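Scroll down for the structure; my scribbles are underneath it.
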Amino acid sequence: MSMADTAAARLGSVSAGNALELRGVTKMFGALAAIADVTMTVRPGERRAVLGSNGAGKTTLFNCITGDFLPTSGTIRLFGEDVTAFPAHERIRRGLRRTYQISLLFTGLTVADNVYLACRGVSRARFSMLRPRRGDPLLIRAGELIEAVHLTPARDRLVSELSYGQQRQLEIALALAGAPRFILFDEPAAGLSPAERRELVAILTGLPTHIGFIIIEHDMDVALRVAESVTMMHNGRVFKEGMPAEIEEDAEVQALYLGDGSHAHG
Amino acid sequence: MAVFDPFSPEAMAGRAKGAPQPMWVERVPVAVWVMAVVFLTMPAWAGTFWIFQVMGWSFILGMIALSLMFLAGYGGMVSLVQMTIAGLAGYMVAILGPTGTAAVSLGLPWYVYIPAAIVIAAAFGTLVGALAVRTDGIYTIMITLAIAAAFFYFTRQNYTIFNGYSGFNLVLPPALFGVDWRQPVPFYYLALGCAALCYGAVVYVARAPFGLALQGTRDNPRRMAALGFNVTAHRIFAYTFAGVIAALGGILLVWQNAQIAPGTAGLPAVFDILVIAVVGGMRRPEGAFIGAFIYVVLRTYSPDVLTAFGLSNERFKLLIGLGFLAIVFFSPDGVLGLWDRWRARARKRRDPLTGQPR
């Protein structure tokens, strides 16, 4: 075997550097398969939209990727590393981030504390008993993130006092903390006004190009504007993959989305 | 924002930059200075019974309740084992150090038995934490209660180490720097110093990354994991930290009583700590000491009141129980909660200019 071959084999063994690679991932809840045999790969920096009706298994897919649930079977690789059995915090420390469909924030803390915690979580000294100093780089970084999601006027307010839209913005700030390499956005536009949606699209398209993400979104305008590829899910399975334009014109997809019963078997 | 807003963060920052930084002395609230003066001068104007028995005991019970407040208020974990940790630290002082029960005590010097007692008690707290953090709510209470009960019965039945039913007497503090620390005034300052140290440590740590993260695990453990925190490890370490505080309280307790027996960490004492923390209020560390003070005053003076009304002085528990019920009924967040609400109302009344609730 030549040098080049071994190098190629080694590259192959780290999955040629895919950001995310799912192989036959299944999650059973009792007898119900929330997702069944999902196989998908996402390149680093790729922006993928996952579409599908309610109950298609999109959020379960996210929960399996982040480690909130362990899959019943299948393997999950993150940047080439098999993370299937890793607890959630270990995956996060490897550059994975997510936002939640229902805001999961620290309601008893201020906006600044929430973002500071997010920055701390992926740094060292998570157990530090020393307070941060005024010029602490993580404090500065937290301030920048708050600015990036337009929450600076509310930085010292308790999260429980924020409006719904502000909580969604904070949700995104938490996912951007540290050095994210891959982010899972779970319906970030849900419940936002048209103006807030435009702001969201600006934030998403403005992300550095090395950061890839998967976005679950019912609003096609948002999803197809920020994504370069689309995965359609139906009844827990991957139903179709392709470019946004292909998916939009696909007859079966249209039937599913427009609720035409004759194609529901797909 | 096109219009200049004098209250915007930019404008505020600009003003702060021009002004000299306030000295740390100026940043300490006036109330803290007043309390400090009252506490430091108390031996000059209060009787020895008051400073040794009432204040000394309040500081000690306050420290033990503070360790519960730290776990429950910041971590959302109601642990009934804090009095047991304090009791273990007290026992360790008695077992390792010199006491009147020379047949069992080892009589080691103070620089061995004091650190050893704190380390052993904190290690015990960590171990209990490692078991308890895997459970939630009522199950945490049950596990820690079971351990507290087991410790009580174990100390009562074990004679080789814990000297069983009779425990240890003449457990006296070492005469460091030529001071008899069991005299009312030195003991008062010792207890005050330890209580202030523990209070300060909790206030400080609550805003440090560890304390903030602990509050994060209270509000939302799942999200904490999604931010890269190991929630289980954080909670266990909280038990260690609280264990050190409880251990300090336990050592002072055994010195104040000059003796320790199984009843010191018996189930009534375990519940008293919970009552103290709830009555005081678990939102802030002050609550633990307020609750302890109320408890000690009731406990000390209610027998006199009861006998004046011709009742048995055994009924003081009835008074404490009724007080507890009243607090839980009218203010679930304790006396501190009452105080906060009263202040919020007063401030609202006083501030018609902005019309804001703050």
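Compute the acute angle (0 to 90°) between the alpha-carbon long axis of helix B:184-207 and the principal axis of greatest extent of the alpha-carbon atoms of chain B; round to the nearest 10°.
The angle comes out at about 40 degrees.
Can you give the log10 of the normalised intensity I(q)/I(0) at q = 0.20, 0.22 Å⁻¹, computed with Debye over equal Cα scatterers of region A:96-178?
Log10 I(q)/I(0), no solvent term: -0.86, -1.03.
Could you state the number of Å between the C-alpha centres of region B:207-257 and region B:304-334?
Value for the Cα centre distance between the two parts: 32 Å.
Give the residue from A:175, A:40, A:191 lying farthest towards the positive end of the charge dipole for the protein assembly as shown; charges sit on Cβ (+1 for Lys and Arg, -1 for Asp and Glu) and the dipole is referred to the Cα centre.
So the residue furthest toward the plus end is A:175.
For helix B:30-45, what angle does its Cα long axis make with the longest principal axis of chain B, in degrees from 0 to 90 and rounded to 10?
Value to nearest ten degrees: 30.
Treat every Asp and Glu Cβ in the protein assembly as shown as -1 and every Lys and Arg Cβ as +1, leave all other atoms uncharged, and give the resulting dipole magnitude about the Cα centre to the nearest 20 debye.
Charge dipole, the protein assembly as shown, about its Cα centre: 1580 debye, nearest 20.
Where in chain B lies the longest segment free of chymotrypsin sites (Phe, Trp or Tyr not before Pro) that are both loop residues by DSSP (not H, G, I, E, B) and have at most 15 other Cβ atoms within 10 Å?
Details: sites that count: B:4, B:7, B:159, B:309.
So the longest stretch without any such site is B:8-158.
Quick one: dipole size for chain A, taken about the Cα centre, charges +1 on Lys/Arg Cβ and -1 on Asp/Glu Cβ, in debye to the nearest 20. Walk me through the numbers on the way to the answer.
Working: 29 positive and 30 negative charges, 270 e Å.
I would put it at about 1300 debye.
Classify chain A: rounded, prolate or oblate, from the alpha-carbon gyration tensor (a ≥ b ≥ c, eigenvalue square roots; a/c under 1.5 rounded; otherwise prolate if a/b is larger than b/c)?
oblate
With unit charges on the beta carbons (Lys and Arg positive, Asp and Glu negative) and the dipole taken about the Cα centre of chain A, which residue among A:78, A:128, A:95 sits farthest to the positive side?
Toward the positive end, the furthest listed residue is A:128.
Per residue of A:95-106, how many C-beta atoms from partner chains lie within 10 Å of its own C-beta, taken as a mean? The partial results should precede the final answer.
Numbers: counts 1, 2, 3, 3, 1, 4, 0, 0, 2, 7, 4, 11.
That average works out to 3.
With every protein chain kept in the model, how would you rank B:63, B:142 by accessible area, 1.4 Å probe, largest at the top?
Largest to smallest exposure gives the sequence B:142, B:63.
Under a 1.4 angstrom probe, counting protein chains only, how are B:135, B:140, B:160, B:307 ranked by accessible area, largest first?
Of B:135, B:140, B:160, B:307, the descending order of accessible area is B:160, B:307, B:135, B:140.
Any idea what the dipole of chain B comes to, in debye rounded to 20, about its Cα centre with Lys/Arg Cβ at +1 and Asp/Glu Cβ at -1?
Its charge dipole is roughly 860 debye.
In whole Å, largest first, what are the principal axis extents of the Cα atoms in the protein assembly as shown?
Sorted from largest, the Cα extents of the protein assembly as shown read 90, 67, 54 Å.
What ratio of Cα Rg to 2.2 N^0.38 Å holds for region B:250-322?
For region B:250-322, the normalised Cα radius of gyration comes out at 1.21.
Considering only protein heavy atoms, what per residue accessible area in square angstrom results for the protein assembly as shown with a 1.4 angstrom probe?
Accessible area per residue, the protein assembly as shown: 47 Å².
Can you tell me the orientation of helix B:82-96 relative to chain B, as the angle in degrees between its alpha-carbon axis and the longest Cα principal axis, to the nearest 10?
40 degrees
Taking the Cβ-Cβ separation of residue B:176 and residue B:40 as r and a Förster radius of 25 Å, what is the calculated FRET efficiency to the nearest 0.05?
It comes to 0.75.
Calculated from DSSP H runs of 4 or more alone, at -39500 (n - 2.57) each and per residue, what is the 222 nm mean residue ellipticity of chain A, nearest 500?
-10000 deg cm²/dmol
Once you put a point 7 Å from the Cα of residue B:136 and another 7 Å from the Cα of residue B:338, both along the Cβ direction, what distance in nm separates them?
Inter-label distance under the simple model: 3.3 nm.
Taking only DSSP H segments of four or more residues, each worth -39500 (n - 2.57), what value at 222 nm results for chain B once the sum is divided by all its residues, to the nearest 500 deg cm²/dmol?
-22000 deg cm²/dmol
Taking every Cα atom in region B:60-284, find the radius of gyration and the maximum pairwise distance Dmax, and write them in Å.
17.4, 55
Just report the Cα centroid separation between region A:149-190 and region A:36-92, whole Å.
22 Å
What total accessible surface area, summed over both chains, is buried at the interface between chains A and B, computed with a 1.4 Å probe and given in Å² to the nearest 100?
On the way: alone 13340 and 19140 Å², together 29550 Å².
By this definition, chains A and B bury close to 2900 Å².
Check which residues have an amide H placed less than 5 Å from residue A:20's amide H, if you skip close sequence neighbours.
A:42, A:79
The values are calculated or read from the model by the stated rules, or taken from the named source; none is laboratory data. Since the structure is predicted, the reported quantities are computational estimates derived from the model, not experimental observations. In this analysis, Cβ positions are derived from the backbone assuming ideal geometry, glycine residues included, and neighbour counts consider all displayed protein chains. For the accessible areas, the whole protein counts, side chains as well, though only heavy atoms, and no ligand, DNA or RNA atoms are used. Shrake-Rupley method; radii C 1.70, N 1.55, O 1.52, S 1.80 Å.
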